[in-house]
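A short worksheet on the structure shown next.
The values are calculated or read from the model by the stated rules, or taken from the named source; none is laboratory data. All values reported here derive from a predicted model rather than from experimental measurement. Don't worry about glycine lacking a Cβ; one is built from the backbone with ideal geometry, like all the others, and counts go over all protein chains shown.
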């Protein structure tokens with residue numbers, strides 16, 4: 001797998017990045033899609049632009065890796081994934097945290113039942129307000145805390161709960177200063193475990209997964225976003241004392257994600273990732289619909 005070229009409307013960024021990576025410059029999105037040696041397009045644009053862009057990619061026979069949140073509604077997500085699969089393409093949502101070895105270590109620890117059955121999962125992601133002209137605050141681009149920070153927490157909760165994860169309750173937080181939601185909370189569950197997801201714009205920084213098990217409390221800090229040089233670890237506590245520290249170390253989850261895509265693309269299938277996108281979209285739709293009714 002290698003980078004063929006880049007397109008962005010910002011000419012300064014386009015010149016900088018193509019020079020940095022030594023790749024082609026495309027002056028329009030369509031000219032990039034017409035390139036025969038491009039198999040996969042990575043879309044890092046705002047959610048509100050994704051539907052049109054993904055449709056074009058599929059029309060030109062390109063698979064898509066798309067930044068979260070992939071699409072603003074479940075029906076659109078289901079339709080586009082169906083179109084992609086019919087053309088033997090994939091559409092994958094870029095949740096990089098899933099490909100960090102810290103998350104892999106967390107899943108392995110839970111699956112081992114070393115500390116008993118998980119009773120409650122807490123996924124939290126939030127940070128201080130960004131400048132108000134940031135795209136995350138633009139309703140026309142499908143901004144808002146739920147599509148941004150909340151999507152991470154819901155994705156992690158779904159995946160940790162497993163295939164039988166179901167929606168239970170949600171609430172969205174609004175502020176008259178902003179045209180989008182600035183936070184929220186949701187509860188998901190399976191037959192044995194509940195998961196509480198919390199997200200917020202305008203609070204202190206938090207980026208964590210905590211799991212209350214029968215015999216200990218597992219803490220995974222910097223769970224969703226971290227620099228490649230960050231020394232990751234997982235703490236296990238019982239009765240206020242640290243009883244195990246799992247040193248995970250450094251990793252570049254972007255590189256790991258692209259390595260995963262390359263291995264599956266050439267030696268398997270990425271259909272499961274397309275289906276994962278649809279499941280995530282369905283859960284987000286439940287969170288947004290029920291939260292808005294409060």
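I need the strands (runs of 3 or more DSSP E) fully contained in the range 201-256, keeping only those with at least 1 residues that are touching a helix residue (DSSP H, G or I) at 6+ places or on another chain (Cβ under 8 Å), surrounded by fewer than 16 Cβ atoms within 10 Å (Cβ to Cβ) and at positive phi. Write out each step before concluding.
On the way: elements: 206-213, 217-221, 232-238, 241-249.
Passing ranges, in order: 241-249.
Since residue 255 meets every condition but one in (1) in contact (Cβ under 8 Å) with a residue 60 or more places away in the chain; (2) under 17 Å from the mean Cα position of the chain (by Cα), which condition does it not meet?
Of (1) in contact (Cβ under 8 Å) with a residue 60 or more places away in the chain; (2) under 17 Å from the mean Cα position of the chain (by Cα), only one is false for residue 255: (1).
Among the numbered criteria (1) within 21 Å of the chain's Cα centre (by Cα); (2) farther than 17 Å from residue 95 by Cα; (3) outside any helix (DSSP H, G or I), which single criterion is violated by residue 265?
In the conditions (1) within 21 Å of the chain's Cα centre (by Cα); (2) farther than 17 Å from residue 95 by Cα; (3) outside any helix (DSSP H, G or I), residue 265 misses (3) alone.
Residue 230 is checked against (1) touching a strand residue (DSSP E or B) at 6+ places or on another chain (Cβ under 6 Å); (2) at pLDDT 95 or above and fails just one. What number does that condition carry?
(1)
Within the set of pairs 6+ apart or on separate chains, which have a first residue in the range 41-58 that is more than 23 Å from residue 149 (Cα to Cα) and assigned by TED's automatic domain parsing to the domain that holds residue 30, a second that is part of a loop (DSSP other than H, G, I, E, B) and modelled with pLDDT of 95 or more, and C-beta atoms under 7 Å apart?
41/62; 58/87; 58/89
Filter the strands (runs of 3 or more DSSP E) completely within the range 83-191 down to those with at least 2 residues that are over 20 Å from residue 274 (Cα atoms).
Details: elements: 91-93, 118-127, 166-173, 183-189.
In the range 83-191, the matching strands (runs of 3 or more DSSP E) lie at 118-127, 166-173, 183-189.
Please identify the pairs in which a residue from the range 167-179 that is assigned by TED's automatic domain parsing to the domain that holds residue 197 has its Cβ atom under 9 Å from the Cβ atom of a residue that is part of a loop (DSSP other than H, G, I, E, B) and surrounded by fewer than 15 Cβ atoms within 10 Å (Cβ to Cβ), counting only partners at least 6 apart or on another chain.
Taking only residues 6 or more apart or on different chains, the pairs are 170/294; 171/294; 172/294; 177/132; 178/132.
Evaluate the following for residue 225: is it touching a residue at least 60 places away in the same chain (Cβ under 8 Å), over 18 Å from residue 108 (Cβ atoms) and in the same structural domain as residue 128 (by TED's automatic domain parsing)? Break it down into steps so the answer makes sense when it comes.
Values: touching a residue at least 60 places away in the same chain (Cβ under 8 Å): yes; over 18 Å from residue 108 (Cβ atoms): yes; in the same structural domain as residue 128 (by TED's automatic domain parsing): yes.
Yes: the conditions hold for residue 225.
Looking at 274, 281, 232, 263 in this structure, which one is under 26 Å from residue 69 (Cβ atoms) and without any contact (Cβ under 8 Å) to a residue 12 or more places away in the chain? Lay out the reasoning, then the answer.
Numbers: 274 fails: without any contact (Cβ under 8 Å) to a residue 12 or more places away in the chain; 281 fails: without any contact (Cβ under 8 Å) to a residue 12 or more places away in the chain; 232 fails: without any contact (Cβ under 8 Å) to a residue 12 or more places away in the chain.
Answer to the check: 263.
Residues that are in contact (Cβ under 8 Å) with a residue 24 or more places away in the chain and within 12 Å of the chain's Cα centre (by Cα): does the range 73-90 have at least one?
Just the residues of the range 73-90 that are in contact (Cβ under 8 Å) with a residue 24 or more places away in the chain, to begin with: 73-74, 76-78, 80-81, 83-85, 87, 89-90.
This time we only want the ones that are within 12 Å of the chain's Cα centre (by Cα), so: none.
Among the residues of the range 73-90, not one is in contact (Cβ under 8 Å) with a residue 24 or more places away in the chain and within 12 Å of the chain's Cα centre (by Cα), which makes the answer no.
Is it fair to say residue 183 is in contact with a strand residue (DSSP E or B) (Cβ under 9 Å, 6 or more places away or on another chain) and surrounded by 18 or more Cβ atoms within 10 Å (Cβ to Cβ)?
yes
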